[in-house]
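Enquirer: Below is the structure I would like to discuss, written out as structure tokens.
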Amino acid sequence: SQQGEEDPQALSIQEGENATMNCSYKTSINNLQWYRQNSGRGLVHLILIRSNEREKHSGRLRVTLDTSKKSSSLLITASRAADTASYFCATDANAGGTSYGKLTFGQGTILTVHP
Amino acid sequence: EPEVTQTPSHQVTQMGQEVILRCVPISNHLYFYWYRQILGQKVEFLVSFYNNEISEKSEIFDDQFSVERPDGSNFTLKIRSTKLEDSAMYFCASSRRGRSNQPQHFGDGTRLSIL
């Protein structure tokens, strides 16, 4: 498999429920980011977690990072219909500290929140 | 909030023709990127650009592709002789700095259809 694989591929929940999406990656990283993409739109940055951080919060979002397992999770609490979108993790390449910002994206999780 | 804008939103071109996709990055950003997303597939990095030169490019970014910042505000991607497999959404992104700990701001993309 490739850098940045999310699961599940699709997730369908009711409004008010929590949604958890997972991401696994292969190589060592400096940072991991999560992006959201609404249908027909560009990607919107949600949150960035550094390789020396284990958990980060932003509003209803909680991201965890386990570098030993090369995995991350994104939790959206109290989901809303407006959270319906595709969610992608993106990793950089820790190439000896040199990084020009190239991001490697996963396949994404399609989240549907039913009102 | 400042946005990355891309034009056109949809471009239809005959195979073998040249196409130029245009982007206006956020004004105080210094690093610029092109990504593409073939329907149903991952977002893939093409190229990063800083200080009027390419910082990094992927294997996809072959001699048919070129980028330019012609006038200090626009950032263009040119495909010299388009192929059917170039059909995809092309996203421009920019960031204030080129380090991987910077969020990238994406435009809404140009849908390129090669006939």
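Throughout, read-outs are computed from the coordinates displayed, never taken from laboratory work. Predicted model, so just to flag it, every value in this text is computed and none were measured. For neighbour counting, all protein chains shown are included, and Cβ atoms are generated from backbone atoms with ideal geometry for every residue, glycine included.
Enquirer: Does at least one position in the stretch A:44-64 carry a residue that is surrounded by 19 or more Cβ atoms within 10 Å (Cβ to Cβ), of a type outside the set (A, V, I, L, M) and within 22 Å of A:His114 (Cα to Cα)?
Expert: No, every residue in the stretch A:44-64 fails to be surrounded by 19 or more Cβ atoms within 10 Å (Cβ to Cβ), of a type outside the set (A, V, I, L, M) and within 22 Å of A:His114 (Cα to Cα).
Enquirer: On to the next question. Kindly indicate the residue of the stretch A:29-46 that is within 17 Å of A:Thr67 (Cα to Cα) and facing chain B (nearest Cβ under 9 Å) and also nearest to the chain's Cα centre (by Cα) among those meeting that condition.
Expert: Among residues in the stretch A:29-46 that are within 17 Å of A:Thr67 (Cα to Cα) and facing chain B (nearest Cβ under 9 Å), the one nearest to the chain's Cα centre (by Cα) is A:Gln33.
Enquirer: Only one of (1) more than 10 Å from chain A (Cβ to nearest Cβ); (2) under 25 Å from A:Ser86 (Cα atoms); (3) in contact (Cβ under 8 Å) with a residue 60 or more places away in the chain; (4) not small (Gly, Ala, Ser) fails for B:Ile38. Which number is that?
Expert: The single condition B:Ile38 does not satisfy is (3).
Enquirer: It is to be established whether one or more residues within the stretch A:21-28 are touching a Cys at 6+ places or on another chain (Cβ under 6 Å), surrounded by 18 or more Cβ atoms within 10 Å (Cβ to Cβ) and within 14 Å of chain B (Cβ to nearest Cβ).
Expert: yes
Enquirer: Just the residues that are more than 13 Å from the chain's Cα centre (by Cα) and either crowded, with 17+ Cβ neighbours inside 10 Å or not acidic (Asp, Glu) (or both), please, taken from the stretch B:57-90.
Expert: B:Gln64, B:Pro70, B:Gly72, B:Ser73, B:Arg80, B:Ser81, B:Thr82, B:Lys83, B:Leu84, B:Ser87
Enquirer: Pull out all pairs, ordered by first then second residue, where Cβ-Cβ is under 7 Å, the residues are six or more apart or on different chains, the first lies in the stretch B:80-102 and is without any contact (Cβ under 8 Å) to a residue 12 or more places away in the chain and over 19 Å from B:Ser9 (Cα atoms), and the second is in a strand (DSSP E or B) and basic (Lys, Arg).
Expert: As it stands, the answer is B:Asn101/A:Arg50, since those pairs meet every condition given.
Enquirer: Also, I was wondering about something else. Residues of the stretch B:90-106 being touching a Ser or Thr at 6+ places or on another chain (Cβ under 7 Å) and under 14 Å from B:Leu46 (Cβ atoms), which ones?
Expert: Hits for the stretch B:90-106 are B:Tyr90, B:Gln104.
Enquirer: Could you tell me whether any residue of the stretch A:12-19 is of a type in the set (S, T, N, Q) and within 13 Å of the chain's Cα centre (by Cα)?
Expert: No, the conditions are met nowhere in the stretch A:12-19.
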